[in-house]
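What follows is a single structure, written as structure tokens, with notes after it.
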Amino acid sequence: MRKAIVFTLLLALVAVATPAFATSSILKQAAAVCDASLNSGDAAVVKLGFAKSSAKPQNPFGEKVFEKKSDGQTLIVTTGEKFRQAFCELYIPNGSEEDYQTIRAELIKLNKTEGTNYDKTVQGKPYRGEIWGDTETMDNGNTSDLKLGDTKLGSLFIQFSAVKFRQTQDRTGIIIEMMKR
């Protein structure tokens, strides 16, 4: 009983000392890999255990693709340039709507505001999308000093789709895209 109480207290201390974005392993992975990509380049992505892939980027702005398995999930990173700014995308094909809701809640808490919502139904299945834009970079930006980890962002877009359709470049799962400021 005493060990259980001590363990619970330690978990509570870790939770209090952890940044808001670190509570989600998906958001934590996105922050780490995209921070590395946007600030240090593709070699930094490889240092995080991602292997360069010969797959064609599914994102139309993508130039390079990297992949790795983590906790039973396939993680696909696409890097490139979008509107003359570096961008990084983390795609999790098996990401769920629950994962999306967890990430969304953490981003709302981190940014102290909701993003611009693009939710709709596609073929009777859910599509969820929300974008946060930095007020300095975007005319319709809703967040001042938008950041994830140490990276200053112009925009951060999260998506979930249960079915393939054009908005997600015919992909299902979770997509987290960040564009550097």
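See the values below:
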quantity	calculated
Per residue Cα convex hull volume in Å³ - calculated over region 31-108	110
Amide H contacts under 5 Å for Leu146, placed H, 5+ residues apart	Thr135, Leu153
Flagged links, alpha-carbon separation over 25 Å, of Lys56/Lys180; Lys56/Lys164; Lys28/Lys125; Lys82/Lys147; Lys56/Lys125; Lys112/Lys180	Lys28/Lys125; Lys56/Lys125
Residues whose placed amide H lies under 5 Å from that of Arg171, excluding near-sequence neighbours	Phe165
Relative contact order computed over the chain (Cα-Cα under 8 Å; 6+ residues apart), in percent	19
Label-point gap, in nm, between Ala105 and Glu136 - each point 7 angstrom along Cα→Cβ	3.1
Heavy atoms of Lys82: accessible area, 1.4 Å probe, square angstrom to 10	40
Amide H within-cut-off set for Val122, under 5 Å, with H built and near neighbours excluded	Tyr127
Helix-derived mean residue ellipticity, 222 nm - over the chain, DSSP H n ≥ 4, -39500 (n - 2.57), to 500	-9500 deg cm²/dmol
Lys120, Lys109, Lys64, ranked by accessible area, largest first (probe 1.4 Å)	Lys109, Lys120, Lys64
Computed FRET value (nearest 0.05) for Gln169 with Ser54, which takes r as the C-beta separation and R₀ as 30 Å	0.95
Relative contact order for region 17-114, counting Cα pairs under 8 Å that sit 6 or more residues apart, in percent	24
Among Thr121, Ser70, Ala31 - extreme Cα towards positive end, dipole of the chain, charges at beta-carbon	Ser70
Inter-probe distance in nm under a simple model that places probes 7 Å from Cα toward Cβ, at Ala44 and Lys125	3.5
In nm, spacing of pseudo-spin labels at Ser144 and Asn94 (7 Å Cα→C-beta vector)	4.3
On Cα atoms only, tilt of 97-111 relative to the major axis of the chain in degrees	80
Those aspartates and glutamates that a straight Cα-Cα span of less than 12 Å connects to Lys152, excepting residues fewer than 8 apart in one chain	Asp35, Asp134, Glu136
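The values are calculated or read from the model by the stated rules, or taken from the named source; none is laboratory data. Just so we're clear, the structure is a prediction, and the values are computed from it rather than from any experiment. Heads up, the Cβs are rebuilt from the backbone with ideal geometry, glycines too, and the neighbour counts pull from every protein chain shown. To get the accessible areas, we keep the full protein, side chains included, count just its heavy atoms, and leave off ligands, DNA and RNA. Shrake-Rupley method; radii C 1.70, N 1.55, O 1.52, S 1.80 Å.
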